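Below is one structure, written out as structure tokens; comments come after it.
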Amino acid sequence: MKYIIAVIPLISAFFLDLLIGDPYSMPHPIRLIGRLISFLERKIRVKFSENLGKGGVILALTVVSISTIVPLILLVIFYKINLWLGASVEGVMCFFLIAARCLCHESMKVYKAAKIGDIETARKDVSMIVGRDTEPLDGSGIIRAAVETVAENTSDGVTAPLIYIGIGGAPLGFLYKTVNTLDSMIGYKNEKYADLGRFAAKFDDVLNYFPSRLTALIMVCVSPILGLNFINSFKIWRRDCRKHASPNSAQTESACAGALGIRLAGDAYYFGKLHKKEFIGDELRTIECDDIRRANRLMYASSIVTLMISMILRCFLIGGVLL
């Protein structure tokens with residue numbers, strides 16, 4: 001019975017996301033964390049104007065501490081009242097940490113527009129899910145950007161949260177998601193955030209180091225089940241997994257590119273400035289709209305395998321301490 005209780009948060013979170021996705025119309029803890037980051041950033045910039053690097057450390061540790069301790073305290077209270085109640089509340093908490101359906105939904109908007117040749121709508125839709133400038137992108141570039149986003153965020157938005165939930169429940173899941181949010185908001189290597197966001201960016205690199213590599217390996221392993229190229233996926237992953245400024249992003253991008261037989265990455269514009277980037281993968285064929293669908297299927301298959309691994313971790317690490 002204790003093992004059933006232990007895995008309820010993972011299972012319920014995964015299937016809630018599968019069924020209803022990100023609840024745009026209701027209060028979302030990650031959005032609240034984002035507001036807290038913005039509020040503290042303004043205060044830190046005033047207080048530590050002469051040492052933004054130190055201020056960035058304080059900002060990150062403060063937000064991470066609050067975002068981890070609050071769910072921990074709530075769960076201790078609910079689990080003491082009743083184990084089933086605690087597991088149910090934790091399941092809802094974990095649901096907010098997984099973004100598989102949202103990732104699929106937003107990328108499929110790009111697919112639908114590109115499929116009918118509506119390039120301007122596709123460009124607008126892809127601008128909502130990528131950080132690069134989208135104006136210079138042609139039709140193939142828009143599709144490529146969407147596929148890259150699905151590949152990279154398979155780890156950041158789905159499998160990594162599942163892994164951390166499996167290890168330490170919702171509190172550790174919130175710790176990971178908070179660091180990920182900090183990186184997405186202040187982790188830029190530009191003049192405004194180079195100092196303030198340095199610690200958050202490095203923290204995110206550390207937390208994503210293992211999940212990104214495990215996810216890439218899982219992608220390789222599930223690719224033949226989906227009718228994709230297993231041998232090429234493994235080959236490109238091992239060859240191109242370091243072709244990115246981030247130590248982690250190219251892991252899943254390379255596994256996906258190899259599985260699909262397409263070429264990803266390459267030069268991109270950010271805030272009007274051209275960034276030279278290496279290509280990932282070999283262009284065995286021309287990229288097409290359906291590659292977005294294939295990338296999403298690869299994301300979901302990898303997520304299911306990760307869910308099972310996380311359930312095993314949860315049973316051993318969390319189930320053993322339940323009465």
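When you scan the range 169-181, do you find a residue that is at pLDDT 95 or above, open to solvent by 30 Å² or more (accessible area, probe 1.4 Å) and part of a helix (DSSP H, G or I), even just one?
yes
Just checking: which of the helices (runs of 4 or more DSSP H) contained wholly in the range 24-105 hold 1 or more residues that are open to solvent by less than 50 Å² (accessible area, probe 1.4 Å) and farther than 19 Å from residue 166 by Cβ?
29-47, 52-81
Quick one: would you say residue 142 is closer than 30 Å to residue 3 by Cα and either polar (S, T, N, Q) or part of a helix (DSSP H, G or I) (or both)?
No: the conditions fail for residue 142.
Starting from the range 243-271, take each residue that is without any contact (Cβ under 8 Å) to a residue 12 or more places away in the chain and list its partners that are surrounded by fewer than 20 Cβ atoms within 10 Å (Cβ to Cβ) and among the aliphatic types (A, V, I, L, M), counting only C-beta distances under 8 angstrom and pairs at least six apart or across chains.
Every condition considered, the pairs that remain are 267/274.
Conditions (1) of a type in the set (Gly, Ala, Ser); (2) open to solvent by 60 Å² or more (accessible area, probe 1.4 Å); (3) out of contact with any Phe, Trp or Tyr (no Cβ under 9 Å at 6 or more places or on another chain), marked per residue:
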{"residue": "263", "(1), (2), (3)": "no, yes, no"}
{"residue": "282", "(1), (2), (3)": "no, no, yes"}
{"residue": "290", "(1), (2), (3)": "no, no, no"}
{"residue": "293", "(1), (2), (3)": "no, yes, no"}
{"residue": "300", "(1), (2), (3)": "no, no, yes"}
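Which one of 56, 21, 91, 86 is within 18 Å of residue 196 (Cβ to Cβ) and touching a helix residue (DSSP H, G or I) at 6+ places or on another chain (Cβ under 9 Å)?
Just a single option satisfies the conditions, and that option is 56.
For the range 272-290, how many residues are free of Cβ contacts under 8 Å to residues at least 12 places away in the same chain and basic (Lys, Arg)?
Result for the range 272-290: 2.
Could you tell me whether any residue of the range 190-207 is within 30 Å of residue 61 (Cβ to Cβ), more than 20 Å from the chain's Cα centre (by Cα) and polar (S, T, N, Q)?
yes
Before we move on, is residue 14 among the hydrophobic types (A, V, I, L, M, F, W, C), in a helix (DSSP H, G or I) and free of Cβ contacts under 8 Å to residues at least 40 places away in the same chain?
Considered against the rule, which asks whether it is among the hydrophobic types (A, V, I, L, M, F, W, C), in a helix (DSSP H, G or I) and free of Cβ contacts under 8 Å to residues at least 40 places away in the same chain, residue 14 comes out as no.
The values are calculated or read from the model by the stated rules, or taken from the named source; none is laboratory data. Treat the numbers as computed from the prediction; the structure is a model and nothing was measured. Note that each Cβ is placed from the backbone with ideal geometry, even for glycine, and that neighbours are counted across all protein chains shown. SASA here: full protein model, heavy atoms, side chains in, ligands and nucleic acids out. Shrake-Rupley method; radii C 1.70, N 1.55, O 1.52, S 1.80 Å.
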